[in-house]
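Written out below as structure tokens is the structure these notes cover.
The values are calculated or read from the model by the stated rules, or taken from the named source; none is laboratory data. Everything numeric in this text was worked out from a predicted model, so none of it was measured. Note that each Cβ is placed from the backbone with ideal geometry, even for glycine, and that neighbours are counted across all protein chains shown. What goes into the accessible areas is simple: the full protein's heavy atoms, side chains included, and nothing from ligands, DNA or RNA. Shrake-Rupley method; radii C 1.70, N 1.55, O 1.52, S 1.80 Å.
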Amino acid sequence: MTLREKYGEWGIILGATEGVGKAFAEKIASEGMSVVLVGRREEKLQELGKNISETYGVDHMVIRADFAQSDCTDKIFEATKDLDMGFMSYVACFHTFGKLQDTPWEKHEQMINVNVMGIFAKQDRGAVINVSSLTAISSSPYNAQYGAGKSYIKKLTEAVAAECESTNVDVEVITLGTTITPSLLSNLPGGPAG
């Protein structure tokens, strides 16, 4: 049984631009699901969507959204309200390295909005896969806010998974270790953003 047969026509990847999110988008497309690609860099998402549609013969939709903005979910829900949405993966992350007290409040607010947002299926069919980090279960000096956000995602997803046990909604969280992605490389101390 393909993902499309099990969960429905569309899947949404929140944080699809590159790295793990891009891999999720390609995987669900390879299983016949049309894909909604959400992220900040619309040009890269358009390029990815075109490639996915040509490679896998599925439809795609691009939604430019900045998860650091508190109202971004309204835009996403409005754009996808008429789709047969059956799969969701929240992969987006944001972090800066440095001492907690030396990080400007605006960065803290952005990390909270990006790393703590949770969206779950309301229908009795589908799959939700959220992505956490090893920083959620171990201390992470100079990365405290990011670890706290990923801990929230991990615990929230585990609780919702238990609540969904008697439904047809599969809910899980995956906890990644250090994953070499363009985002990580740009945020390392000494990198463009670090």
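Observations, loosely collected:
- The number of residues in segment 156-173 being over 20 Å from Leu3 (Cα atoms) and either free of Cβ contacts under 8 Å to residues at least 12 places away in the same chain or open to solvent by 30 Å² or more (accessible area, probe 1.4 Å) (or both) comes to 5.
- Contact map, segment 131-153: first residue closer than 22 Å to Phe24 by Cα and touching a residue at least 60 places away in the same chain (Cβ under 8 Å), second residue open to solvent by less than 10 Å² (accessible area, probe 1.4 Å) and aromatic (Phe, Trp, Tyr), Cβ cut-off under 7 Å, separation 6 or more or different chains; pairs are Val131/Tyr90.
- The number of residues in segment 43-71 being of a type in the set (Asp, Glu), over 13 Å from the mean Cα position of the chain (by Cα) and within 25 Å of Gly149 (Cα to Cα) comes to 1.
- Near pairs, Cβ below 6 angstrom, 6+ apart or cross-chain, from segment 20-47 (more than 18 Å from Tyr7 (Cβ to Cβ)) to any residue that is open to solvent by 60 Å² or more (accessible area, probe 1.4 Å): Glu42/Arg64
- Restricting attention to segment 114-136, the residues that are modelled with pLDDT of 80 or more and aromatic (Phe, Trp, Tyr) total 0.
- Any strands (runs of 3 or more DSSP E) falling wholly within segment 1-106 and containing at least 1 residues that are modelled with pLDDT of 90 or more and open to solvent by less than 50 Å² (accessible area, probe 1.4 Å): 10-14, 34-39, 60-64
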